[in-house]
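The values are calculated or read from the model by the stated rules, or taken from the named source; none is laboratory data. Quick caveat, the model's predicted, so the values are computed rather than measured. Heads up, the Cβs are rebuilt from the backbone with ideal geometry, glycines too, and the neighbour counts pull from every protein chain shown.
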Amino acid sequence: MGAKFIGAGLATISLAGAGIGIGSVFAALISGFSRNPGLEKQLFGYAILGFALTEAIALFGLMMAFLILFGFFICFIFTLIRLSTVFSKLIKCSYIILNY
């Protein structure tokens, strides 16, 4: 159980990296805009693209942390649901066979 918490904590390190990356993207935007103000729209488009890609990496890291913490439970629930449908089909078939 403790290993799950350590793994989830290590997976959330990507959030710190994403914060640094987003800061770097917008620092480069300010630097580029101060050097050439005429390219404001083009630089802003590139900055938004960099922000979106960096944020996607953060969301993947957060998703991995949640899968490490709760993944087994979710798989267990889906397995129970799958088994309940199989058992209900078996019960229906046995009821039909016994009443034939």
- Message: Show me the helices (runs of 4 or more DSSP H) entirely contained within the chain in which 1 or more residues are at pLDDT 90 or above and of a type in the set (Gly, Ala, Ser).
- Response: 13-35, 40-98
- What pairs can you find where one residue is in the stretch 1-15 and on the phi > 0 side of the Ramachandran plot, the other is surrounded by 15 or more Cβ atoms within 10 Å (Cβ to Cβ), and their Cβ atoms are less than 7 Å apart, with a gap of 6+ or different chains? none
- Message: Restricting to the stretch 15-47, count the residues that are of a type in the set (Val, Ile, Thr) and loosely packed, with under 13 Cβ neighbours inside 10 Å.
- Response: 2
- Sort out which residues of the stretch 54-73 are over 11 Å from the mean Cα position of the chain (by Cα) and loosely packed, with under 12 Cβ neighbours inside 10 Å, and write them in order of number. Phe72, Phe73
- Within the stretch 1-56, the residues that are of a type in the set (D, E, K, R) and within 30 Å of Gly71 (Cα to Cα) are Lys4, Glu55
- Message: I'd like the full set of residues that are out of contact with any helix residue (DSSP H, G or I) (no Cβ under 7 Å at 6 or more places or on another chain) and among the small types (Gly, Ala, Ser), limited to the stretch 1-18.
- Response: Gly2, Ala3, Gly9, Ala16, Gly17
